[in-house]
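The values are calculated or read from the model by the stated rules, or taken from the named source; none is laboratory data. Just so it is clear, the structure is predicted and the values come from calculations on it, not from any experiment. We place every Cβ from the backbone using ideal geometry, glycine too, and count neighbours over all the protein chains shown.
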Amino acid sequence: MPVPRRSPSAAARYIDRYFWWIQGLLCVCLLILLFLIRQSFKPPFDLIIKNGRVFNGERFLSLPRDVGIRGGKVAAIGFLYGISTKETIDARNRVVAPGFIDTHVHVEASMVMGRAFRAPNFIKMGVTTVVTGNCGTSHQRLREILNSLEKTGGHVNVVTLVGHNTVREQVMGQNPEHPSPEQLRAMKAQVEDAMRAGAFGLSTGLQYAPGIYSDRDEVVALAEVAKKYGGIYATHVRDEGNGLMDSLEEAVDICKRAQIPLHVSHLKRASKRDWGKMPEALAFLDSERPNLPALTHDVYPYTGSSSSLDLLLPADFRGMLPQSRRILSDPVERRRLVLGMLKQLESEGFVDYGFARIAWFRDEQFWGKKIPDLEIPSSWRDQTAWVRDIVKGRVPAQDVENALYVFGHGGAQMIYDVMDESDMIASLKDAYACVGSDTGVWTSERRTSHPRSIGTFPKIIGELVRDGKISLDSALRKMTLEPATIFGLTDRGRLQEGMPADLVVFDPETVSGPADYNQLQEPLGFDYVLVNGTVVAKYGKVEARFPGKVIRKRNESPLELVVEPPAPVEKSEVKPDSATAKSHDVVSDEDKKKRAKPAHSTRKGGKRGTR
Ligand SMILES: [Zn+2]
């Protein structure tokens, strides 16, 4: 009897029909399971910054990503699921970028042996690495201070240059003569020692004593030593006023002869007669670029410079503050001084000292006042009656008397409103420019400072970006990858797996640096600043944590610098805030009016300063 064939059940029919589909689905499930198991065995992250708009130093990545940090380094960038983490930061609608590199700072006075390096104003601006030793002035015990900082750590990483003025002063004091062969040998030995200790190059401040006494041969001889160790030559040029073009020619010539990369510090046109002529300076640098290993510059985003009273004096009276009373009581010397002051003032297109404000002076009531507005004792006017005979109405005699009063009473730290905004923007936008605040350490207990000490970086990525003066991508490159390339910092300025986790998390819609010459308001919009994987600032509050390292130059061969600017990259997806943009359209005129009010600074008057 034939066995009746049972018809297959509905389920069996279903399995039969979708056999391969079910197989496939099982395989996918298995793979996901394996992936999750594998992930769970991975070491946990210390921190994941989730869903941020990642800027990698060169460009924005296309989709929001997570950044995983482990052991102070960036361990992964991507979509990080299933890996445990000790801490998470939600960075939705925030930019996650490499921490900023401030290419031009003066923090020597704040680097103290045996103490952690505190730099709250830099951290608050998103800066995680500073380059100090600029304008010819570096730490007098450079090797020791680097060793000390290595043990104590700091808020930020520290890179240093070796300063020509410091070296010259140690070897020959304030002697205005050319160095003897022996003295030059001693200076070269000091530069060599600093380069071996890890300096990244030589800096000069040829506008200040004693650097002002040096000729090209002297600087070339020292630059050659820096070049031997792969360093760069960073210069505060001899004259940033109407002698700028000659000074740039000198800088180029020095670097051609030493075949060393040239970096011009705080490029500016400080003579009123030359306002609007920044393109001419940039064109000159462009034309010389093929002749040098590299040619770059840094900029701060303000039209006021900050320096000592020295810059109001003719070149041969700079650095002579300690002898001011002697000079003022010598009829020949003081006549030469005043005539030199008048010549300088007139040649730069100014008719009085209204552009010069006292930031710091021994008498606090002068702070913030312009030189013409100082109320000086009438006895001083009686003593300086001779000024009127020399000035003869060329400029207000009272201005000169007031300036001489400050000169005769210990000097002052000044703010000079000597630049044009269009020049500053042109300098900043140049393909070879990076950002340098040109400031020192400032804490809110100190009432006075130039706004650049707390506003430089947020002002650029906030106001200047929203005003359409520069794109966010370009501004960020000038604060991250480009300075790292210029100075040869091979593991900074990049957000990349394996790199130290120096990171900044900020809101591109609200970031701003509202500090101005009247009020030193702190930056807004920075959520987190991390140095070597440690959160050092959270919503503007700086922690007493010192993960910052000393970065030493180790490379003993010449730097390989990128001479070409990075290729154009995809445009930022961050939309400019049109409402804010409108309110800032009139920045130049309004700013200039605001600047008629008091200005402040931190540094004491003296032979040396920044500008
Ligand atoms: Zn300088």
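Could you grab me the full set of residues in region 254-270 that are away from the ligand (no atom under 16 Å from the Cβ) and either among the basic types (Lys, Arg) or over 30 Å from Ile551 (Cβ atoms) (or both)?
Filtering region 254-270 down to residues away from the ligand (no atom under 16 Å from the Cβ) leaves 254-261.
Correct list: Lys256, Arg257.
Sort out which residues of region 401-412 are outside any loop (DSSP other than H, G, I, E, B) and within 9 Å of Asp310 (Cα to Cα), and write them in order of number.
Within region 401-412, the first condition is being outside any loop (DSSP other than H, G, I, E, B), and the residues that meet it are 401-408.
Phe407, the sole residue that qualifies.
Residue-wise test of (1) in a helix (DSSP H, G or I); (2) under 17 Å from the mean Cα position of the chain (by Cα).
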| site | (1), (2) |
| --- | --- |
| Val67 | no, no |
| Ala76 | no, no |
| Gly82 | no, no |
| Asn93 | no, no |
| Ile123 | yes, yes |
| Thr128 | no, yes |
| Cys135 | no, yes |
| Ile145 | yes, no |
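For region 227-328, which fully contained strands (runs of 3 or more DSSP E) count at least 1 residues that are in contact with a Cys (Cβ under 6 Å, 6 or more places away or on another chain) and in contact (Cβ under 8 Å) with a residue 24 or more places away in the chain?
Details: elements: 232-236, 262-264, 295-299, 304-308.
Ranges flagged: 232-236, 262-264, 295-299.
Find all pairs meeting these conditions: Cβ atoms under 7 angstrom apart; at least six residues apart or on different chains; first residue within region 176-190 and assigned to a loop (DSSP other than H, G, I, E, B); second residue modelled with pLDDT of 95 or more and loosely packed, with under 13 Cβ neighbours inside 10 Å.
So the pair list comes out as His178/Asp215.
Only one of (1) under 23 Å from Gly136 (Cα atoms); (2) buried (at least 22 other Cβ atoms within 10 Å of the Cβ) is not met by Phe317, so which one is it?
Among (1) under 23 Å from Gly136 (Cα atoms); (2) buried (at least 22 other Cβ atoms within 10 Å of the Cβ), the lone unmet condition for Phe317 is (2).
Among the residues of region 211-236 satisfying the criterion of being within 16 Å of the ligand (Cβ to nearest atom) and surrounded by 24 or more Cβ atoms within 10 Å (Cβ to Cβ), which is nearest to Gln170 (Cα to Cα)? Please lay out each step first, then the result.
Residues of region 211-236 that are within 16 Å of the ligand (Cβ to nearest atom), as a first pass: 211-212, 214, 219, 232-236.
Then keep just the ones that are surrounded by 24 or more Cβ atoms within 10 Å (Cβ to Cβ); that gives 211, 219, 232-236.
Working: Gly211: 12, Val219: 16, Ile232: 22, Tyr233: 20, Ala234: 20, Thr235: 19, His236: 20 Å.
Once the filter is applied, the top-ranked residue is Gly211.
Give the number of residues within region 476-503 that are hydroxyl-bearing (Ser, Thr, Tyr) and not in a loop (DSSP other than H, G, I, E, B).
The first filter runs over region 476-503 and keeps only residues hydroxyl-bearing (Ser, Thr, Tyr), leaving 480, 485, 490.
Filter once more, so that each one left must be not in a loop (DSSP other than H, G, I, E, B): 485.
Total meeting the criteria: 1.
Of the conditions (1) of a type outside the set (D, E, K, R); (2) more than 16 Å from the ligand (Cβ to nearest atom); (3) at pLDDT 95 or above, Ser444 satisfies every one except a single condition; which number is it?
(3)
Scan region 358-385 for residues that are surrounded by fewer than 14 Cβ atoms within 10 Å (Cβ to Cβ) and assigned to a helix (DSSP H, G or I) and report the count.
So the count comes out to 5.
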